[in-house]
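Peer 1: Pasting a structure here, questions to come.
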Amino acid sequence: PWPILVSFSALFTVIGFVSYCHNVKGGLLLFFLGLFLLLGGISCWWRDVVREATFEGKHTKAVQQGIYIGMILFIVSEAMFFLAFFWAFFSSAINPVPQIGGVWPPTGLIPIKPLGLPLLNTFILLTSGATVTCCHHSIVGGLRKRSIYSLFFTVFLGALFTGFQYVEYLNAPFSMSDGIYGSIFYMLTGFHGFHVIIGTVF
């Protein structure tokens, strides 16, 4: 039942969020209900996959290959998702339309300085990539204590990144409703931040 539950939960979450954004009564309740069912469904689904693989031994070579291909397709779909937003950014930046003043960034919009908080967050993310790689090699090498320290430091850096992203949003001189620039900025950084939060939690 998990694929159907997760699918409908994701649908309810999106419908609830969109309803809340349009001030529809009950939208926030539907969003949290969908999110609760989504997280519960995903947790139970993963629990069953792990149980089937480790305790029941049901993962034959064909099943393992299917899971491997599924993960590859998931990663490719994530890459295409972000590629679409980068495409929108570069298309708007290289060929700005007259409606935004024919320049990029649009006329009257003050962009965030890239050498401040964004550069620090980039450094934090690169460092977290190094620490999680250290954790992986420590697990493979049987160095349990070192792997725990590395994983803890990775989670700390993920939380730190999320906090700095929040500060950046609070101090941004533009909002999501400020045309194509604001929309692309918040969609790209928001979804990227969401991925960091998921990685930090799980």
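Peer 1: Determine, yes or no, whether F17 is touching a helix residue (DSSP H, G or I) at 6+ places or on another chain (Cβ under 7 Å), under 26 Å from G193 (Cα atoms) and in a helix (DSSP H, G or I).
Peer 2: On the way: touching a helix residue (DSSP H, G or I) at 6+ places or on another chain (Cβ under 7 Å): yes; under 26 Å from G193 (Cα atoms): yes; in a helix (DSSP H, G or I): yes.
Criteria met by F17.
Peer 1: Scan segment 124-153 for residues that are within 14 Å of V196 (Cα to Cα) and loosely packed, with under 13 Cβ neighbours inside 10 Å and jot them down.
Peer 2: Answer for segment 124-153, where residues must be within 14 Å of V196 (Cα to Cα) and loosely packed, with under 13 Cβ neighbours inside 10 Å: L126, G129.
Peer 1: A further question follows. So, in segment 154-202, of the ones that are of a type in the set (F, W, Y) and under 15 Å from the mean Cα position of the chain (by Cα), which residue ends up surrounded by the most Cβ atoms within 10 Å (Cβ to Cβ)? Before the answer, list the steps.
Peer 2: Of all residues in segment 154-202, those of a type in the set (F, W, Y) come to 156, 161, 164, 166, 169, 174, 181, 185-186, 191, 194, 202.
Next, only the ones that are under 15 Å from the mean Cα position of the chain (by Cα) stay: 161, 166, 185-186, 191, 194, 202.
Details: F161: 24, Y166: 11, F185: 22, Y186: 18, F191: 14, F194: 11, F202: 8.
The residue in question is F161.
Peer 1: Here's a follow-up. Taking only segment 70-111 into account, find how many residues are of a type in the set (A, V, I, L, M) and surrounded by 15 or more Cβ atoms within 10 Å (Cβ to Cβ). If you could, list the steps in order and put the result at the bottom.
Peer 2: Start the filter on segment 70-111 by keeping residues that are of a type in the set (A, V, I, L, M), which leaves 71-73, 75-76, 79-80, 83-84, 88, 93-94, 97, 100, 103, 109-110.
Subset that is surrounded by 15 or more Cβ atoms within 10 Å (Cβ to Cβ): 88, 100, 109.
Matching residues across segment 70-111 total 3.
Peer 1: Would you please name the residue that is surrounded by the most Cβ atoms within 10 Å (Cβ to Cβ), looking only at residues in segment 112-123 that are within 25 Å of F153 (Cα to Cα) and not small (G, A, S)? Steps first, answer last, please.
Peer 2: We begin by selecting, within segment 112-123, every residue within 25 Å of F153 (Cα to Cα); these are 115-123.
Now drop any that are not not small (G, A, S), which leaves 115, 117-123.
Working: L115: 7, L117: 15, P118: 15, L119: 11, L120: 14, N121: 22, T122: 12, F123: 12.
Here the residue is N121.
Peer 1: A further question on this structure: Filter segment 146-202 down to residues that are within 25 Å of G102 (Cβ to Cβ) and either of a type in the set (D, E, K, R) or not in a helix (DSSP H, G or I) (or both), then give me how many there are.
Peer 2: Number of matching residues: 7.
Bear in mind these aren't lab numbers, they're just calculated from the coordinates by the rules spelled out. A quick note: this is a predicted structure, and the numbers were derived from the prediction, not measured. Cβ sites come from the backbone with ideal geometry, for glycine too, and all protein chains shown count toward neighbours.
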